[in-house]
Amino acid sequence: MRLLDAATSIKVKLGALVAVSVVVVALLATLGTAAGVPVWLTLPVAVALTLGVTQLLAAGMVAPLRSMTEVAQRMARGDYSGRVRTTSSDEVGRLAGVFNQMAGDLALVEAERRDLIATVSHELRTPLAAMIAVLENLADGVVPADAPHLHGALAQAERLRQLVTDLLELSRLEAGVTRLQPGEIPVRALVTECIAEVSSAGRTGEFDLAIDDTLIARVDEARLRQLLINILDNAARHAPTGSPVHVAAARTPTGWWLTVADRGPGVAADDRERVFQRFGTDVAGGGTGLGLAVARWVAQLHGGTLRFIDPAPDQPGALLRLELPDLTDPPTPSEVTTVTAPTPPTVAPPPSGPPPSGPEAYVPLASGVPAPPLGMDSVFGSFWPERPGLAGLRVVVACALVGVLAGATMTFTAPGLSWVLVLCGAGCAAYLTARHRRSAFTIACTALASLLVLPLMLLDATGIALLGVFAAAGVFLIGVTDARTPAGFLLAGISWPLSSLRGLPWFGRALRVVGTGGRTPAVVRTVVVSLIALGVFGALFASADALFATWIDALVPSLSFNDLVTRIFVGCLVFAVTLAAAYLALNPSRVEPDRRPVDALGNRFEWLIPVLLVDAVFGLFLIAQATAVFGDHDYVEDTTGLTYADYVHQGFGQLTVATLLTLFVVWAAARKVKDAPADHVWMRVSLGLLCVLTLIVVGSALHRMNLYQEAYGFTTLRVTVDVFEGWLGVVVLLVMVVGGLGHGRRLPRLALVTGAVAVLGLAAINPDAWVAGRNIDRYEANGTLDIYYLQSLSADAAPVIAKRLPADAAACALRHLPDNQLSDDHDEALGWNLGRSRAEGALSGLDMDGVQATAVSPRAPQVDPCGSIIDAYAAGPEG
Amino acid sequence: MSGQRVLVVEDDRVINDQLTERLRAEGYLVTQAFDGPSAVALATETGPAVVLLDVMLPGFDGHEVCRRIQAERPVPVLMLTARDDEADILVGLGVGADDYLTKPFRMREVVARIAALLRRVDRAAELATSTDRSPLVLGVMCVDPGRRRTTIGDAEVHLTPTEFDLLVCLAREPGQVLTRERLLAEVWGWGEAALNGVATRTVDSHVKALRQKVGADWIRTVHGVGYALEVPTS
């Protein structure tokens, strides 16, 4: 039973779904605003909750349709046993009900058809066997070809003819709709005619009529004749020789009746319905087993009945009674009465042996067609198929635990120990579910990723730490999806957010397991129920009893309402993000589809000329560089009007872009080269030259940056850019070496690993401290120092500054630290960070109170003790 | 061959008469029966060499007649059935029928099958008196042509005469694939003339029945060729 099953219209359900979603979002937004939760946190949680609500409410809407598709496909294959299970009562539910009924009817019709064919073939075999027996004996001269034997063969042929006629008649009657053409018929005359016909067909027997000449019935004459012949023939066959068959008929207020009585063996009460079934009668007497079935059909078509009734005690035998109403509609020449055929009579069970039909007997009519994908499967198609039997609940539970950990420890805590713990936990949860977890590449990526999150704990510099986290996420995702190409890397990154959609059905199934039996679900239920009970009763008693409340306070960290809301939001967000990563690891998208090989260019010049042109441009550029380097600064100033420092600064960005583009050119050209020795030589020469030139460009760019840093001082950003450019140089070198050796396919992964190592290296040199050190080196060389810039550095730089600058300058450079980075006094253990704890050690040796901008007296203007010191350092020794 | 008695049990008078005429013309002595009870009574009374038996009979059906006749005295039975149903045929073979024919059938085929059945009885009698009567032991299975008994482990397996002959034939050359044609010739005594689709289906049906009794893993099917007896590995 699902939540919305009671709704009788799908519109109501959709309305309820929209309403509930809107209410949820509105409540969440209000709650978030009241608790001061930022929008970027509220929005994803609201989306996730809405999706959850949809999953909960909409599941029952679509499930019957899917089930119907499946059952219909099975029916197309000839299996009619499938039924749609649904508890919903809307239009879809009703459709499912009708569908089930249809499936049942079809199954019945199919079974009847099979029974009929088996029975008919059986009934045809016996006269055929007899006829063949007679004819073969005649042909072989076993019996003489005299009249009795020929008549015997003829009689068998006659039996066959009668059987075929009856079958045709029956199939015509059962075709569904039969037109009746009523007319005024004198009953006695019709019965007399029929008796004549029966007698002429070879039945010897007397008939005794008790029918008034004036009895006129309104019936379809042809049909009634058919009926009468069948029942009269049946009676004549069963009547003992010498005893007449009594036929009586009379009018009733609404119609008329007719009885046929014979003195034969009669019909046992138990058999009175069976004999009207096809082949339900004993055929030994010479009938076809179909006559009574036909007769009853005609009676039912007229809206009447035909049945055996109890004979009078003094007149044993069979008493067959026909009751027909007058057909009411007066016949007009153009009009005919259409009567829908009643339910066809069922086939009598075969006289012996097991039933011919059975589950093993059916033959598939059509070969199985693969089920078309539904839902998310159709959205993501072959890019992201879902394998059956994915582990569910334990993954969700692991991710939920990570979410709880995040909510409890990460919220209100500066980046430090707890962040690393949460990230490692999330990584663990995702890695342990990963499909490729045993592949060396995935293991290496996971190891790199776990190293890359460490700066969060070791450095106070947020920028570097975040760079590390992004790199870690990227490397990890590429690892779990087993990507190999740059396109694959990109798809792996895109797959993470998409995973929150792709994984929804899986998530729904995992949660549905909680409602079923089994050990893990039971544990989950117990934990959830216990926590709710603990929370509700704890809160109730805490508000009721002061002593109890103080105990609670001692146990539970102080939680204001707003804090709690924020913690829950953070927990939910981390849970969702972790779950998305875990799903991606569990069921990786196909980021490396089978790409068709690129067609090589037909002519060599098509790729060679552009590459050589690029080579030439690079060469020209380097000549200009050489002039600038080997000429003096004046030449540059004279020619360009720029100072040398400006000149070098201007080019750095463009050179970096040029390096990136060169990598692209090499990649594109290498794909388009024909697989011929001469082409390979040309490729190695032209692209090798390009790489060498690019390396010189990289060197030149680094040289420019170095000059610039010497002129304007070092910053963390400049160091980072240096590392990036250096990494590009390494990649170009790798392209030359690895590509030259013919292992081009490994390049993307090598570039990835070297990039990750470069980020690690950047973090390892502790850039803020390094930059501070280099700036102090510069100060020691030329006497100027930008203390304002030092102030903007993170706590990482504090030990270097405190050690190498005079105490007053150091105190001024570090004076904002106690208010900013080092102000987190709560949750010290959770927020532990190596950079900050070293900074605290460094500050303890300095007089920090002396550098705070404080007013000496309330009326005096504020005096900044650092102002003069900073100015003095900035001016340098000359000033 | 001539002079042997055949009991024809068939409720359709025309068919019964024509069978009788034909068999008399072939030189058999024929007794006619038209229902189950009289068939059993006549079988006891006349002791036919072979019984021609329709499945659908008034009184009780052909299977029951077959069971009762066989319980009294092993006699070859040729079943006539109007139903070409594998299950139906297996039931017939299960109650001790040796062969079956589906309606409509050819008189000549009936005669040929009856002759083959009688020939086989002679051969069995011959075998029973011949020297090669030592029990055949294959793993846990023991087939004793002398006493016409089969055991697997300690359990005795009850086989119809045809099934037993089939098993002996297979067991004399364990592991060898015997073609359907050879089995037909050795077990049923059919010559080349009788070979057709119906005949090979006879072999298949009997092998299927035999498999049900001794266990499916004893007999290996070689598709398109025939069958071989294999001692199961486990």
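The values are calculated or read from the model by the stated rules, or taken from the named source; none is laboratory data. This is a predicted model, so every value here is computed, not measured. FYI the Cβ positions are ideal-geometry reconstructions off the backbone, even for glycines, and counts take in every protein chain you see.
Below is a table of values for the structure above.
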| read-out | value |
| --- | --- |
| Residue within the stretch B:6-17 that is more than 12 Å from chain A (Cβ to nearest Cβ), over 24 Å from A:PRO144 (Cα atoms), among the aliphatic types (A, V, I, L, M) and under 18 Å from the mean Cα position of the chain (by Cα) present | no |
| Wholly enclosed helices (runs of 4 or more DSSP H) of the stretch B:1-108 bearing at least 2 residues free of Cβ contacts under 8 Å to residues at least 12 places away in the same chain | B:13-25, B:36-46 |
| Qualifying position, being closer than 30 Å to B:VAL111 by Cβ, in a helix (DSSP H, G or I), in contact with a Ser or Thr (Cβ under 9 Å, 6 or more places away or on another chain) and aliphatic (A, V, I, L, M), among A:ALA133, A:ALA107, A:ALA103, A:ALA118 | A:ALA118 |
| Condition check for A:ALA312: loosely packed, with under 14 Cβ neighbours inside 10 Å, within 29 Å of B:VAL14 (Cβ to Cβ) and at pLDDT below 85 | no |
| Top-ranked residue in the stretch A:506-547 [being hydrophobic (A, V, I, L, M, F, W, C) and modelled with pLDDT under 70; ranked as farthest from A:LEU586 (Cα to Cα)] | A:VAL514 |
| Filter result (modelled with pLDDT under 80 and not acidic (Asp, Glu)) within the stretch B:122-139 | B:ARG123, B:ALA124, B:ALA125, B:LEU127, B:ALA128, B:THR129, B:SER130, B:THR131, B:ARG133, B:SER134 |
| Flag if A:VAL142 is at the interface with chain B (Cβ under 10 Å from one of its Cβ atoms), farther than 30 Å from A:GLY78 by Cα, among the hydrophobic types (A, V, I, L, M, F, W, C) and not in a helix (DSSP H, G or I) | yes |
| The stretch B:73-87, residues that are modelled with pLDDT of 85 or more and away from chain A (no Cβ under 13 Å) | B:VAL75, B:PRO76, B:VAL77, B:LEU78 |
| Hits in the stretch B:18-52 (condition: farther than 16 Å from B:VAL77 by Cβ, among the hydroxyl-bearing types (Ser, Thr, Tyr) and within 14 Å of chain A (Cβ to nearest Cβ)) | B:THR20 |
| Criterion violated by A:VAL134 - all others in (1) of a type in the set (A, V, I, L, M, F, W, C); (2) within 11 Å of another protein chain (Cβ to nearest Cβ); (3) in contact (Cβ under 8 Å) with a residue 40 or more places away in the chain satisfied | (3) |
| Criterion: in contact (Cβ under 8 Å) with a residue 60 or more places away in the chain, crowded, with 16+ Cβ neighbours inside 10 Å and more than 14 Å from chain B (Cβ to nearest Cβ) - qualifying residue of A:ALA111, A:ALA96 | A:ALA111 |
| Test: residue in the stretch A:146-163 that is within 11 Å of another protein chain (Cβ to nearest Cβ), touching a residue at least 60 places away in the same chain (Cβ under 8 Å) and surrounded by 17 or more Cβ atoms within 10 Å (Cβ to Cβ) | yes |
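Table: residues versus (1) aliphatic (A, V, I, L, M); (2) at pLDDT below 85; (3) crowded, with 22+ Cβ neighbours inside 10 Å.
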{"position": "B:GLY27", "(1), (2), (3)": "no, no, no"}
{"position": "B:ALA33", "(1), (2), (3)": "yes, no, yes"}
{"position": "B:LEU42", "(1), (2), (3)": "yes, no, no"}
{"position": "B:VAL51", "(1), (2), (3)": "yes, no, yes"}
{"position": "B:VAL65", "(1), (2), (3)": "yes, no, yes"}
{"position": "B:ALA71", "(1), (2), (3)": "yes, yes, no"}
{"position": "B:ILE89", "(1), (2), (3)": "yes, yes, yes"}
{"position": "B:ASP98", "(1), (2), (3)": "no, yes, yes"}
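Residue by residue, here is whether (1) at pLDDT below 70; (2) in a loop (DSSP other than H, G, I, E, B) holds:
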position	(1), (2)
A:VAL591	no, yes
A:LEU601	no, yes
A:PHE618	no, no
A:LEU622	no, no
A:GLU637	yes, no
A:LEU642	yes, yes
